[in-house]
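Below is one structure; the comments refer to it alone.
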Amino acid sequence: MVEKKKSQAKKEEKPATEAEIEKAVKGSKNDSQLIDEKSHDSKVEAAPVIDYEDKFYRAEAENQNMQQRFEKERANILKYEGQDLAKSILPALDNLERALVISTDDEASKKLLAGIELTHKSLSNALMQSGITEVGKVGDQFDPNLYNAIQKTPIDDPTKQQEDTIAVILQKGYQLHDRILRPAMVSVYTK
């Protein structure tokens, strides 16, 4: 800036006064201070931009994590949606099984038993198609997660009966996929 003023003064063939030179020098200092302040301001502004960018990526990651959690929860809800209905139907299925055990003598009782048998079969098939299966068989190893032991049965024949295996199933247990709806009530062999 100082040289600019000097060159202007030479062109005009007038010598520059000291006041003009000082004014030009002060102006150049002010200009450099403004440039420094602007560059300092841009540095200050750059920091929040980086911070906002980091916050944006974190928020995006959190959004994706939430979507994945919601999808898992939705899949679980769909997988186990019939759980409450199945729990309420199981006692009716038990009653039908008890009715099938009754002996019949006359023709009317045999027809009634055939109707009960068809009803039991269709209800069992509907539960199986929904992913509900029976838990446990006689002779299986006792698992407290699947069975509720309510009796002990002494071992009579050690060659056929083993300790901690199921001797008798008193009430069937059911599971929906991998979740136990109702543990089986069983009697377990003991020494």
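The values are calculated or read from the model by the stated rules, or taken from the named source; none is laboratory data. These numbers come from a predicted model, not from an experiment. Cβ coordinates were reconstructed from backbone atoms using ideal geometry, including for glycine residues, and neighbour counts include every protein chain displayed. For the accessible areas, the whole protein counts, side chains as well, though only heavy atoms, and no ligand, DNA or RNA atoms are used. Shrake-Rupley method; radii C 1.70, N 1.55, O 1.52, S 1.80 Å.
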- So how strong a dipole does region 46-99 carry about its Cα centre when Lys and Arg Cβ are +1 and Asp and Glu Cβ are -1, to the nearest 20 debye? 240 debye
- Message: Checking the table 110/160; 79/172; 152/172 against a 25 Å threshold on Cα-Cα, which pairs fail?
- Response: 110/160
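Only four residue types carry charge here, +1 at the Cβ of Lys and Arg and -1 at the Cβ of Asp and Glu. Report the dipole size of region 112-167 about the Cα centre in Debye, rounded to the nearest 20.
Numbers: 4 positive and 8 negative charges, 47 e Å.
Rounded to the nearest 20 debye, it is 220 debye.
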- Task: Calculate, in nm to one decimal, what residue 87 and residue 164 gain on full extension: separation in residues at 0.36 nm each, minus their alpha carbon distance.
- Result: 25.0 nm
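Quantify, in whole percent, the carbon and sulfur part of the accessible surface of region 72-167 (1.4 Å probe; protein heavy atoms only). Each step should come with its number before you reach the end.
Numbers: 3700 of 6980 Å².
That share works out to 53 percent.
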- Calculate, for region 129-189, the solvent-accessible area per residue in square angstrom, rolling a 1.4 angstrom probe over the heavy atoms of the protein chains. 62 Å²
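Sequence gap at least 6, Cα distance under 8 Å: using those rules, report the relative contact order of region 91-175 to the nearest whole percent.
Details: 60 pairs, mean separation 26.4, N = 85.
31 percent.
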